[in-house]
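So the structure is just underneath, and the comments pick up after that.
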Amino acid sequence: MIPDILSPGQYDTVYNSLSLVIAAQLFTAVFLLISLPRILPRYRQAITVAIVVCGIAAYHYFRIFDSFREAFVTEAAGGQGDYAQAAGAGFNEGYRYVDWLLTVPLLLVELIAVLALARSVQRGLLVRLVPAAALMILLGYPGEISGDNGIRGLFGLLSTIPFAYILYVLFVQLTKSLNKQPVGVRRILSQLRWLLLLSWGVYPIAYLLPLLNIEGADAWVFKQVGYSVADILAKAVYALIIFRVARIKSFDDDPEFSEVERSLDEKPTRV
């Protein structure tokens, strides 16, 4: 539940974590957009999807940030007093779920796109992963907004089913495709799946806090910071790793392109 009162320290912690996510998502998208010409065209679809993901996340975090500022106010000079929920305003948790509904399936599209698999294989993976990702988010939302722990637990359990299926596809069925990737990226791609698991693991922990009777302002602040850190890892950091994979594969596919790109990297700049 959203707390009635936040201390100045709690308010600043959430405020700064939301600001950090906006900066991370926005400037990761800018970097990737500028860097598109530095990979081969066949891998640009993956990076374009990454740019869209970071852009969607930045937009929604702007909305979350504004919602937070409107929801908690103080009349103390210099913002040094407690922040109370403003009359007629509330913090909208729904923005996060709208964001995840769009971005979580696209994160899986990024991974499949950068592999550059045969179309039939790629289509087969996407048909399984994208609906499962959307279903996972849709099933989690009713529990998130419910004040009843029974309903929360039920929908949490239901959303775990597509989550487990996604992990099965990523760690069992996708392994065959990873073995066909260039040696230089196999380990990175394997670690990328663990990054998804690690970052996504934050969400169910935060989701379960009320079921564990961990409530109050501190728990709510922990949840907001946890979601923020997880979103940076799952979107911005993930996108940069996808870009690195695309660069390595571009170099492996086209030695001439690799030579030109390496010469640009090594070219001294004039001061």
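Taking the numbered list (1) farther than 20 Å from Y15 by Cβ; (2) modelled with pLDDT under 85; (3) part of a helix (DSSP H, G or I) in turn, A246 passes all entries but (2). Among the residues of the stretch 68-99, those that are under 13 Å from the mean Cα position of the chain (by Cα) and open to solvent by 10 Å² or more (accessible area, probe 1.4 Å) comprise Y97, V98. Answer with yes or no whether G147 is touching a residue at least 40 places away in the same chain (Cβ under 8 Å) and surrounded by 16 or more Cβ atoms within 10 Å (Cβ to Cβ). No; evaluated as a whole, the condition is false for this residue.
Take the conditions open to solvent by 40 Å² or more (accessible area, probe 1.4 Å), of a type outside the set (D, E, K, R) and assigned to a helix (DSSP H, G or I) and apply them to L170. Does it pass? In short, no. Selection of the stretch 37-48 for residues being surrounded by fewer than 22 Cβ atoms within 10 Å (Cβ to Cβ), assigned to a helix (DSSP H, G or I) and not charged (D, E, K, R) yields P37, P41, Q45, T48.
Suppose we keep only residues that are more than 19 Å from R96 (Cα to Cα) and assigned to a helix (DSSP H, G or I) within the stretch 1-27. Which one would you say is farthest from the chain's Cα centre (by Cα)? First the steps, then the outcome.
As a first pass, look at the stretch 1-27 and keep what is more than 19 Å from R96 (Cα to Cα): 4-10, 12, 27.
Subsequent filtering for residues that are assigned to a helix (DSSP H, G or I) retains 8-10, 12, 27.
On the way: P8: 28, G9: 26, Q10: 23, D12: 22, F27: 15 Å.
Of everything passing the filter in the stretch 1-27, P8 is farthest from the chain's Cα centre (by Cα).
Checking the conditions here, which among S177, S263 is surrounded by fewer than 19 Cβ atoms within 10 Å (Cβ to Cβ), of a type in the set (S, T, Y), over 30 Å from R123 (Cβ atoms) and at pLDDT below 85? Sole residue among the options that is surrounded by fewer than 19 Cβ atoms within 10 Å (Cβ to Cβ), of a type in the set (S, T, Y), over 30 Å from R123 (Cβ atoms) and at pLDDT below 85: S263.
The values are calculated or read from the model by the stated rules, or taken from the named source; none is laboratory data. Quantities reported herein were computed from a predicted structural model and do not represent experimental measurements. We place every Cβ from the backbone using ideal geometry, glycine too, and count neighbours over all the protein chains shown. For the accessible areas, the whole protein counts, side chains as well, though only heavy atoms, and no ligand, DNA or RNA atoms are used. Shrake-Rupley method; radii C 1.70, N 1.55, O 1.52, S 1.80 Å.
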